[in-house]
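The values are calculated or read from the model by the stated rules, or taken from the named source; none is laboratory data. Predicted, not measured: the structure shown is a model, and the values here were computed from it. Here the Cβ is made from the backbone with ideal geometry for all residues, glycine too, and neighbour counts use every protein chain on show. SASA here: full protein model, heavy atoms, side chains in, ligands and nucleic acids out. Shrake-Rupley method; radii C 1.70, N 1.55, O 1.52, S 1.80 Å.
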Amino acid sequence: MEEQKDKEDTDLITKEVDDVTTDSLELSANEKAASRSQLLLRVTVEELGSLDETLLTLILRNPIDVWVSSGEPFLPLHVLQQRERQQKMNWKQKEKVLADLVLKRHKMRLLQGRRMGALKPGRMISTKSSIQPVVVEGGWTEPSQEEVKLMEDVQNMEVHLSEVQAIQSRKRSSFLKTIATNPRDLYNQPDVKRVLVHMNGTDPKQGVFAWGKNMEELLGSCTSRLNMRQPAQVLYAMDGAQLSTWDEIERDMLICVSSGEPFMSTKANRHKIEIRANYARVRKDKGPAATDIVVTPKGNPKVKVEAPSNLLALPAASEHIF
């Protein structure tokens, strides 16, 4: 009896010790979590200015890991890794479903080809109906039970894939809407436009870059970048259309710059230079009088042109001819 009593006391003491150990372990786990949360301090922009210089020097000397957020809650690393693993599993499952779908479609096509290639005749069964006294069953025109089952499986898989794609597109559209409606822009596109400019009549390959916030700044930049003798006044597109407003100018656009002259292509400028060269060559070879040419029209005695008659005049816009 005494031995049994001692054994019961020993079991009771062991149980109390186990309970105390479990409570202490739970407390230590909670303390570790609390200490971990205290280690992950949140530092705002205002607190950065009041940061101790010695602490900053220590941090720069021994860098630590810092999580930067744009306002979202803290996301632990293991959660992100779990999401990536889940995404990989979803992709593998999707690839498996697509492979099964392709396999079933191929099998269904093979069964259809064998059925149509066999040309097995059907059975004619008589009925008591006056509208259709004979019914044809079986034959190569009627699909088999295996084909019907495969067709149902293919349709179910296609419906499932379409539902999944619809959910994904809905999530993506909602995400894009949140980005579009976000009033805080991460990047504001500047008003400065950079274009590729060349002088009127020159080769576009000799162009240089010019930029500006409006037409006046762009014209001034063209004058300085192209080393023009006269200030730039007119801008032309490559098709000869004049660019008069700032909205017509696009970024990295090829523009022809003129000091007021009309648009002239490279071919027309080359033809103009050849005419001047021929003029100078003729004056040099045959003297200055060679270019003094006067053209006078001569009348043809065989052709008599009379003045237009009033009878042939067209009626006015207000007159009506009946």
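Do we find a residue being more than 42 Å from the chain's Cα centre (by Cα), modelled with pLDDT of 60 or more, within 30 Å of V154 (Cα to Cα) and outside any loop (DSSP other than H, G, I, E, B) anywhere in the range 86-99?
So far as the range 86-99 goes, no, none of its residues is more than 42 Å from the chain's Cα centre (by Cα), modelled with pLDDT of 60 or more, within 30 Å of V154 (Cα to Cα) and outside any loop (DSSP other than H, G, I, E, B).
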Handout entry: Odd one out for V79 among (1) open to solvent by 70 Å² or more (accessible area, probe 1.4 Å); (2) part of a helix (DSSP H, G or I); (3) more than 30 Å from K149 (Cα to Cα)
Key = (1)
Exercise for the section: Give the residue, chosen from P190, P183, P231, that is modelled with pLDDT under 85 and either within 30 Å of S258 (Cα to Cα) or surrounded by 15 or more Cβ atoms within 10 Å (Cβ to Cβ) (or both). Expected result: P190
Handout entry: Selection count where residues are open to solvent by less than 60 Å² (accessible area, probe 1.4 Å) and under 12 Å from L161 (Cα atoms), scope the range 95-110
Key = 2
Problem - G139 vs. criteria surrounded by 13 or more Cβ atoms within 10 Å (Cβ to Cβ) and without any contact (Cβ under 8 Å) to a residue 24 or more places away in the chain - result: yes
Problem - Matching residues, the range 193-228, being closer than 21 Å to I273 by Cα, open to solvent by less than 70 Å² (accessible area, probe 1.4 Å) and within 32 Å of the chain's Cα centre (by Cα) - result: H198, P204, G207
Exercise for the section: Search the range 119-133 for residues being open to solvent by 70 Å² or more (accessible area, probe 1.4 Å) and among the hydrophobic types (A, V, I, L, M, F, W, C), and hand back the single one that is nearest to H106 (Cα to Cα). Expected result: L119
Practice task
Go through the range 251-276 and give me each residue that's surrounded by 12 or more Cβ atoms within 10 Å (Cβ to Cβ) and either within 31 Å of the chain's Cα centre (by Cα) or among the hydroxyl-bearing types (S, T, Y) (or both).
Solution key: M253, L254, I255, C256, S258, S259, S265, T266
Handout entry: Subset of the range 123-158 [under 30 Å from L101 (Cβ atoms), modelled with pLDDT under 80 and hydroxyl-bearing (S, T, Y)]
Key = T141
